[in-house]
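> Input: one structure, supplied below.
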Amino acid sequence: MTELRWRYGAATDVGSVRDLNEDSHLASRRLLAVADGVGGAAAGEVASGVTIAEVTKLARKQPVEAESELGEAVDAARERIRAAVTENPEAEGMATTLTALWLSDDSIDIVHIGDSRAYQLRGEDFVQVTVDDSYVQHLVDEGAITPAEAQDHPYKSVVTRVLQANPAPAHFETRPAALGDRYMLCSDGLSDVVDEAEIEAALRDFADPQSAADELVRLALEGGGPDNVTVVVGDVREHRQLKRWPWIAAAVAAVLAAAALALGLALRN
């Protein structure tokens with residue numbers, strides 16, 4: 001039986017300015033995710049950590065109602081963030097972004113909130129899959145500034161929607177999965193520093209997902225590393241599942257035959 005799985009690599013770094021890494025991530029055979037904590041002293045690392053913990057519960061499951069199940073994970077994370085704020089009022093304002101890709105046998109289900117991004121590399125095409133929930137993205141959408149101007153805008157890190165105690169809807173999307181596709185998820189510690197041409201070049205130049213992730217983090221640090229940076233790279237690959245029942249049946253038959261032989265010898269003696 002042939003199934004699809006991620007072949008993945010992941011890398012993270014606190015950066016050159018921050019004292020604490022508020023990013024969290026997950027890289028597994030079915031699920032990739034990046035969460036970038038928001039809030040600094042308001043415990044952004046707690047928000048990202050509990051969110052990834054909730055998403056991780058889906059990592060070994062086969063998606064059935066993917067949007068519903070991803071939505072339940074988001075709701076559970078929101079409840080844990082709310083409980084943390086109730087327990088520690090000083091953490092008021094703690095929040096996180098979340099971008100996660102759940103791979104089934106023929107599709108990729110995406111949940112996204114905030115400005116952590118997902119990109120897709122397919123053949124000659126390289127596209128940003130997610131749309132930032134950010135102030136500068138709103139300006140781009142309105143035609144007030146160009147995408148190039150957004151890259152250097154002073155408010156490019158201002159997010160307009162995050163996962164926090166107060167409800168805010170996440171975006172859900174399903175895309176067809178194709179063998180050979182490469183996806184890259186990142187916190188804005190990469191996308192704010194390294195331009196898309198460099199990101200694409202690194203993803204094309206490094207065939208191994210781990211090497212590609214390491215290289216992208218290196219580029220962010222080379223660019224000054226002003227923020228935490230996290231990169232997860234996943235390639236859609238075939239996974240051949242061995243049919244275990246014939247092997248088990250053969251093993252049982254061998255054990256029974258050996259037992260019968262031993263019993264026969266014992267009776268003759």
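The values are calculated or read from the model by the stated rules, or taken from the named source; none is laboratory data. What you see is a predicted model; the values in this text were computed from it and never measured. Cβ coordinates were reconstructed from backbone atoms using ideal geometry, including for glycine residues, and neighbour counts include every protein chain displayed.
> So if I check each of Asp141, Asp133, which one is over 23 Å from Val74 (Cα atoms) and either among the charged types (D, E, K, R) or modelled with pLDDT of 90 or more (or both)?
On the way: Asp133 fails: over 23 Å from Val74 (Cα atoms).
Among Asp141, Asp133, only Asp141 is over 23 Å from Val74 (Cα atoms) and either among the charged types (D, E, K, R) or modelled with pLDDT of 90 or more (or both).
> Also, quick follow-up: Just to verify a result, which residue in the stretch 98-121, among those that are under 18 Å from Val38 (Cβ atoms) and within 11 Å of the chain's Cα centre (by Cα), is surrounded by the most Cβ atoms within 10 Å (Cβ to Cβ)?
The extreme case among them is Ser116.
> Would you be able to tell me the number of residues in the stretch 52-66 that are more than 11 Å from Leu31 (Cα to Cα), at pLDDT 95 or above and of a type in the set (D, E, K, R)?
So the count comes out to 1.
> Please go through the stretch 72-89 and pick out each residue that is among the small types (Gly, Ala, Ser) and touching a residue at least 12 places away in the same chain (Cβ under 8 Å). Give the steps one after another, and end with the answer.
To start, the set of residues in the stretch 72-89 that are among the small types (Gly, Ala, Ser) comprises 73, 76-77, 83-84.
Residues satisfying the conditions are Ala73, Ala76, Ala77, Ala84.
> Mind listing whichever residues of the stretch 34-68 are among the polar types (S, T, N, Q), closer than 16 Å to Trp102 by Cβ and in a helix (DSSP H, G or I)? Break it down stepwise before answering.
Of the residues in the stretch 34-68, the ones among the polar types (S, T, N, Q) are 48, 51, 56, 62, 68.
Next cut, closer than 16 Å to Trp102 by Cβ only: 51, 56, 62, 68.
Thr51, Thr56, Ser68, listed by residue number.
> Looking only at residues that are in contact with a Gly (Cβ under 8 Å, 6 or more places away or on another chain), part of a strand (DSSP E or B) and modelled with pLDDT of 95 or more in the stretch 164-183, which one is nearest to Arg117 (Cα to Cα)?
Tyr183
> Ala148 fails exactly one of the following numbered conditions: (1) aliphatic (A, V, I, L, M); (2) over 29 Å from Pro63 (Cβ atoms); (3) surrounded by fewer than 15 Cβ atoms within 10 Å (Cβ to Cβ); (4) at pLDDT 75 or above. What is the number of that condition?
Checking Ala148 against (1) aliphatic (A, V, I, L, M); (2) over 29 Å from Pro63 (Cβ atoms); (3) surrounded by fewer than 15 Cβ atoms within 10 Å (Cβ to Cβ); (4) at pLDDT 75 or above, the one that fails is (4).
> Sticking with this one: Just for the stretch 1-33: of the residues that are in a loop (DSSP other than H, G, I, E, B) and hydrophobic (A, V, I, L, M, F, W, C), which one is nearest to His239 (Cα to Cα)?
Initially, the stretch 1-33 is screened for residues in a loop (DSSP other than H, G, I, E, B), giving 1, 14-22, 28-30.
Remaining after also requiring hydrophobic (A, V, I, L, M, F, W, C): 1, 14, 17, 20.
Numbers: Met1: 8, Val14: 34, Val17: 41, Leu20: 37 Å.
Going through the qualifying residues, I end up with Met1.
> Among the listed residues Ser211, Ser187, identify the single one that is polar (S, T, N, Q), buried (at least 20 other Cβ atoms within 10 Å of the Cβ) and in contact (Cβ under 8 Å) with a residue 60 or more places away in the chain.
On the way: Ser211 fails: buried (at least 20 other Cβ atoms within 10 Å of the Cβ).
Answer to the selection: Ser187.
A quick yes/no check of all residues on (1) in contact with a Gly (Cβ under 9 Å, 6 or more places away or on another chain); (2) touching a residue at least 24 places away in the same chain (Cβ under 8 Å):
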site: Ala66; (1), (2): no, yes
site: Ala91; (1), (2): yes, yes
site: Ser104; (1), (2): no, yes
site: Val127; (1), (2): no, no
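> With respect to the numbered conditions (1) of a type in the set (Gly, Ala, Ser); (2) buried (at least 16 other Cβ atoms within 10 Å of the Cβ); (3) not in a loop (DSSP other than H, G, I, E, B), which one is the sole condition not fulfilled by Gly93?
Against the list (1) of a type in the set (Gly, Ala, Ser); (2) buried (at least 16 other Cβ atoms within 10 Å of the Cβ); (3) not in a loop (DSSP other than H, G, I, E, B), Gly93 comes up short only on (3).
> Related question: Looking only at the stretch 28-51, which residues are within 18 Å of the chain's Cα centre (by Cα) and either surrounded by fewer than 22 Cβ atoms within 10 Å (Cβ to Cβ) or not aliphatic (A, V, I, L, M) (or both)?
Kept after step one, since they are within 18 Å of the chain's Cα centre (by Cα), are these residues of the stretch 28-51: 28-38, 44-51.
Result: Ser28, Arg29, Arg30, Asp36, Gly37, Gly44, Glu45, Val46, Ser48, Gly49, Thr51.
> Let me ask something additional. Residues that are under 20 Å from Thr97 (Cβ atoms) and among the hydroxyl-bearing types (Ser, Thr, Tyr): find the helices (runs of 4 or more DSSP H) completely inside the stretch 187-236 holding 1 or more of those.
Numbers: elements: 188-191, 196-205, 209-222.
In the stretch 187-236, the matching helices (runs of 4 or more DSSP H) lie at 188-191.
> Looking at the stretch 68-80, is at least one residue under 11 Å from the mean Cα position of the chain (by Cα) and closer than 23 Å to His239 by Cβ?
no
> Pull up the stretch 213-232, narrow it to residues that are among the acidic types (Asp, Glu) and within 19 Å of Arg7 (Cα to Cα), then point me to the one that is nearest to the chain's Cα centre (by Cα). Steps first, please.
Initially, the stretch 213-232 is screened for residues among the acidic types (Asp, Glu), giving 214-215, 222, 227.
Restricting the remaining residues to those that are within 19 Å of Arg7 (Cα to Cα) gives 214-215.
Working: Asp214: 16, Glu215: 18 Å.
Among those residues, the one meeting the criterion is Asp214.
> Now a separate question. Only one residue in Asn88, Asn21 is among the polar types (S, T, N, Q) and farther than 18 Å from Asn166 by Cβ, so which one is that?
Values: Asn88 fails: farther than 18 Å from Asn166 by Cβ.
The unique qualifying residue is Asn21.
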